[in-house]
Structure formats: C-alpha cells, structure tokens
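**Q** Dropping a structure here in structure tokens format, bear with me for questions.
The values are calculated or read from the model by the stated rules, or taken from the named source; none is laboratory data. Quantities reported herein were computed from a predicted structural model and do not represent experimental measurements. We place every Cβ from the backbone using ideal geometry, glycine too, and count neighbours over all the protein chains shown. All accessible areas refer to the heavy atoms of the entire protein, side chains included, with ligands and DNA or RNA removed. Shrake-Rupley method; radii C 1.70, N 1.55, O 1.52, S 1.80 Å.
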Amino acid sequence: MIPLFLTAQKELHLAENSFQVDSFTERTFEDFVEKVIPESQFIFIGEQHGIQEAGIFTNIIFNWVNPLGFETLCIETDAILAEKLAYIASLERPLEAAKKLNDTFPYAIPFYNSKEDYSLFKNVVDRGGHIWGIDQTFMAQFRLNLDHLIQNTDNVLFKERLLPIKKLAFDSYAQSIAKKSFESMFWTTYDLATHEELMALSTNNEEKDILYHLWKTKEIYGYNAKKEYYQNNNERGKLMKANFTKYYMEALKKTELPRVVFKLGASHATRGLSMTNIYDVSNYASELAIFNHQKSLHFFVAGITGEAMTGNPFAEKPVAAFDNTKRLPKELQVLVSSFSKKYTIVHLAPLRKYAYGETYSEAMKKYIFNFDVMVLVKNAEPLSPL
C-alpha cells in the first residue's frame, strides 16, 4: 500500500508540471517550448501513428526551431522513399503526385501517406529543409524500389533481369491482398540466389545499397515471422543507427553541428532502453548530442481518445476508434480525468528526481525516464487519406 503522503506528493508533482491548451499556438505552450528547446541538437517526436495531431505538433515544432538551425526532418522510411517524398513536396501540386504514387504502389508508405503528412513535408521543403529516411524498406515497398532501379539504371542486363522480378512483386502483393496475408508479399519470395544475381549485375554503389536494404528487410521480417522479436527489433534498430550515421556524416561536410527533428513511432523516440527493450536510434542520438555538448529532447505524442488511420491493407475500415485511457499509468488517468481542453502537456523531466521507491508506478517511471515531455490528445482525429 502506498502511503497517503506519497500519493499526495505524486499528485502535486504532476499538477505542478502539467497544463492544458486547446491549440499549440497558445502563449502558454509557446512559453513552455521556449523553456525546453535551448541547447537541443536533436528533437524526437515519438508519435502514435495515424492521428492528425502528431503532424500538427511536428509542424509547429519545426517552424519554431527552423530559425535555430534545424533544417532536417528525419522520418520512418528508407532513403529512396524519403527522397521521393521530398521531391513530391517540392511540386506545385504535391497532393496529386502523392495520390498517383499511392495508387501505383498501394500501402508502400505505411506511416506517411496522408494530406497532413504532405503538408508537413511541403513546409520543410519550402523552408529549404531536407528529409532523411533512416528505416528499413517496408514489405509492401519492394514494388516501388524495384521500379526505381528499373527507371534509373543505364545497365541493360540489370534492367532486363529486374523487369520479371518487379512483375513477381506486383503479383505477390495482389495475392497478399486476396489472402489477407503479409507472408504472401514478395519479401518471402525474394531469395538469396536472386539477390546475389542482382548484386553481381549491378554496376554502381547506389544500386547495390538499394539491394542491400531489400535483403536487410527480408532478414528483419524473417526474425519476426519466427517470433524472434528481440532480434527483429534489435536488427532494425541497428539499421536505423547505421542509416542515420550515413546521413549525419554527409551533413557534417556542410555544417559543424547538424540539428535534426525526428518524427518516428514512439518506440523509436525514447531515451535509454526502449519500449521494445533495445537501445534505439533515439538513444544513440541522445549520446551523440552529449558528445557535442548539446542535448536531445524527446516528446511523446499520443491520443487519449479518438480515431486513427489504421494503415493496415487488411483492415475492414481505414479508420478505427480507440480509447487509451486504461492503458495510461494510473497517475495519468487521474490527472486527465479532470482536464477538459484538447491537449494535456506533462513535463516529465522534472519528475525524475522524485521517481524512486513507490512514489510512482513502474509504468509511470518508464515514461518519466524515456521521454522529456508528454503530449496527450483528447478526441484525436484520424489522418486524411490522399
């Protein structure tokens, strides 16, 4: 049983370090951002996928920090897709081009495929910014990357071999939709003999890098299929760190201290041991910031209640209602029960010095140490399809 004075102390600490707003443009929120941003080299926005408010929040933060030298948005795609998204965002009618890409390669873009996402991308590009994609190639994306290789190679033999493989990838996707089976997608069919043949035929490093990532994707999904979940998450985390490092080393050639805003799923935005029990790219960057005499800032943005775009090709409906109230630590359930505004902001960092013994639940401690700021959204709205 937790002593009453500890319960009161806990509630006092949470109340003192939280507030409500209906908009991120309110002065109360702006004053708060002004307080927590200084000396940040990396800003992580760990989102609940599928809700509009995560993108709105990212746009507000990017606008705030862009004059401070933040010119890069880092997202949960591979490099090929990030390049395409940035190009589309630079066009006069980006939504038309984005819809065309989505219609040609359905579900190739699992996390960034909505009107709100392209509003964010356009804002970044219009400000002269860059988009980095540090994640794996996703299972439904093989079609897009194979097509990219075909469209951009001047190697006739390589192209001729890729054409029937691309057709297989499209056929496999159609079968997966019909069977409602992720295992029917092309990542299971792409074998070592085919991979080695393509690697031998390719004649430049860019092509070989794309092929390397296709094979790495097969490896990562293979661990998941065998229920080796730690290995799955750890290999994906290692790949994200390697891809980030590649971008970062290039950026160092142009600027002494690259500053980056990350928009990733919440499990990839933690400081310390992540929700999947690995030291993810976010922890890697947090240590890099310390090396550079800077800091990293980690936001958690999620809905309390509302609706989210599912992003699942087999889902009966593209949008699903949710209620995360009971999934929150008990301390937060009590806190938000009396709040009426759209957003509840909890400054977690000051709570760490009190997070000992039984002052907070273990679930609450996890958030306190993984993130600096929590943004909880009441009646979240789903992303808008293209």
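**Q** Per 0.36 nm of contour for each residue apart, how much would the distance between residue 362 and residue 179 grow if the chain were fully extended, relative to their Cα-Cα spacing?
**A** On the way: separation 183, 0.36 × 183 = 65.88 nm, distance 4.11 nm.
Here the segment from residue 362 to residue 179 would lengthen by 61.8 nm.
**Q** Can you list the aspartates and glutamates whose alpha carbon is less than 18 Å from that of residue 353, not counting same-chain residues fewer than 8 positions off?
**A** 11, 16, 331, 362, 372
**Q** Determine, from the Cβ-Cβ distance of residue 154 and residue 68 and an R0 of 51 Å, the FRET efficiency 1/(1 + (r/R0)^6), rounded to the nearest 0.05.
**A** On the way: r = 42 Å, r/R0 = 0.83.
Working from the Cβ atoms, E equals 0.75.
**Q** For the chain, what is the percent of antiparallel DSSP beta bridges, rounded to the nearest 5?
**A** Of all bridge pairs located within the chain, approximately 35 percent are antiparallel.
**Q** If you average the sequence gap of Cα pairs under 8 Å that are 6 or more apart and divide by the length of the chain, what percent do you get for the contact order? Present the calculation step by step, with values, prior to reporting the outcome.
**A** On the way: 618 pairs, mean separation 110.7, N = 386.
That works out to 29 percent.
**Q** Which one of 32, 121, 111 has the biggest mean-square fluctuation once the chain is modelled by GNM with Cα springs under 10 Å?
**A** Fluctuation is largest for 32.
**Q** Same structure, new question: Give the shape of segment 201-341 as rounded, prolate or oblate, defined through the alpha-carbon gyration tensor: a ≥ b ≥ c are the square roots of its eigenvalues, a/c under 1.5 means rounded, and otherwise the shape is prolate if a/b is larger than b/c and oblate if not. It would help to have the intermediate numbers written out before the result.
**A** Working: a/c = 2.14, a/b = 1.34, b/c = 1.59.
Here segment 201-341 falls in the oblate category.
**Q** Decide, for segment 151-261, between rounded, prolate and oblate: order the square roots of the alpha carbon gyration tensor eigenvalues as a ≥ b ≥ c, take rounded if a/c falls under 1.5, and otherwise choose prolate if a/b is larger than b/c, else oblate.
**A** Details: a/c = 2.27, a/b = 1.25, b/c = 1.82.
Note, shape of segment 151-261 comes out oblate.
**Q** Tell me, what % of the accessible area of the chain is carbon and sulfur with a 1.4 angstrom probe?
**A** Details: 9770 of 17940 Å².
On the chain, the fraction of accessible area on carbon and sulfur atoms equals 54 percent.
**Q** Moving on. Between residue 206 and residue 291, what is 0.36 nm times their sequence separation minus the Cα-Cα distance? Round to one decimal in nm.
**A** On the way: separation 85, 0.36 × 85 = 30.60 nm, distance 3.07 nm.
Stretched fully, the residue 206-residue 291 segment lengthens by 27.5 nm.
**Q** Now for a separate question. What full-extension length gain, to one decimal in nm, is calculated for residue 226 and residue 242 as 0.36 nm per residue of separation minus the Cα-Cα distance?
**A** Working: separation 16, 0.36 × 16 = 5.76 nm, distance 2.43 nm.
Extra length from residue 226 to residue 242 when fully extended: 3.3 nm.
**Q** If you don't mind, there's one more thing I want to ask. Any chance you could check the Cα centroid distance between segment 78-124 and segment 295-356 for me, in angstrom?
**A** Answer, in whole Å: 27.
**Q** Applying the Karplus parametrisation 6.51 cos²θ - 1.76 cosθ + 1.60 with θ = phi - 60° to the phi angles of segment 126-140, what ³J(HN,Hα) value in whole Hz is obtained for each residue in order, glycine and proline being reported as x?
**A** 4, 8, x, x, 10, 10, 9, x, 10, 9, 6, 6, 8, 4, 8
**Q** For residue 319, what residues show an amide H to amide H distance below 5 Å, using hydrogens built from the backbone and excluding near sequence neighbours?
**A** Here 310 satisfy the definition.
**Q** When the Karplus curve 6.51 cos²θ - 1.76 cosθ + 1.60 is applied with θ = phi - 60°, which whole-Hz ³J(HN,Hα) does each residue of segment 67-83 get, with x for Gly and Pro?
**A** With the stated coefficients, segment 67-83 comes to x, 8, x, 7, 10, 10, 10, 10, 10, 8, 9, 8, 5, 4, 5, 4, 5 Hz.
**Q** With the chain treated as a Gaussian network of Cα nodes joined by springs under 10 Å, which of 326, 115, 263 yields the largest mean-square fluctuation?
**A** With Cα springs under 10 Å in the chain, the top fluctuation among 326, 115, 263 is at 326.
**Q** Calculate, for the chain, the solvent-accessible area per residue in square angstrom, rolling a 1.4 angstrom probe over the heavy atoms of the protein chains. Before the final figure, lay out each step's value.
**A** Values: 17940 Å² over 386 residues.
For the chain, the per-residue accessible area is 46 Å².
**Q** Which one, 181, 172, 90, has the greatest fluctuation when you compute a Gaussian network model over the chain with C-alpha springs under 10 angstrom?
**A** For the chain, modelled as a Gaussian network with Cα springs under 10 Å, the answer is 181.
**Q** While we're on this one: Starting from the Cα gyration tensor of segment 260-382, take the square roots of the eigenvalues, sort them a ≥ b ≥ c, and report rounded, prolate or oblate (rounded when a/c is under 1.5, otherwise prolate if a/b is larger than b/c, else oblate).
**A** Details: a/c = 1.97, a/b = 1.26, b/c = 1.56.
Verdict is oblate for segment 260-382.
**Q** I've got another one for you. Taking amide H atoms as placed 1.01 Å from N in the peptide plane, list the residues 5 or more away in sequence, or in a different chain, whose amide H sits under 5 Å from that of residue 71.
**A** 259
**Q** Please turn the phi angles of segment 88-94 into ³J(HN,Hα) values with the Karplus equation 6.51 cos²θ - 1.76 cosθ + 1.60 (θ = phi - 60°), one per residue in order, whole Hz, x for glycine and proline.
**A** Taking θ as phi minus 60°, the curve returns 4, 5, 7, 6, 5, 10, x Hz for segment 88-94.
**Q** For residue 262, what residues show an amide H to amide H distance below 5 Å, using hydrogens built from the backbone and excluding near sequence neighbours?
**A** The list, which skips near neighbours in sequence, is 43, 44, 45, 74.
**Q** Pairs of lysines 8 or more apart, or on different chains, with alpha carbons under 30 Å: count those in segment 146-223, would you?
**A** 20
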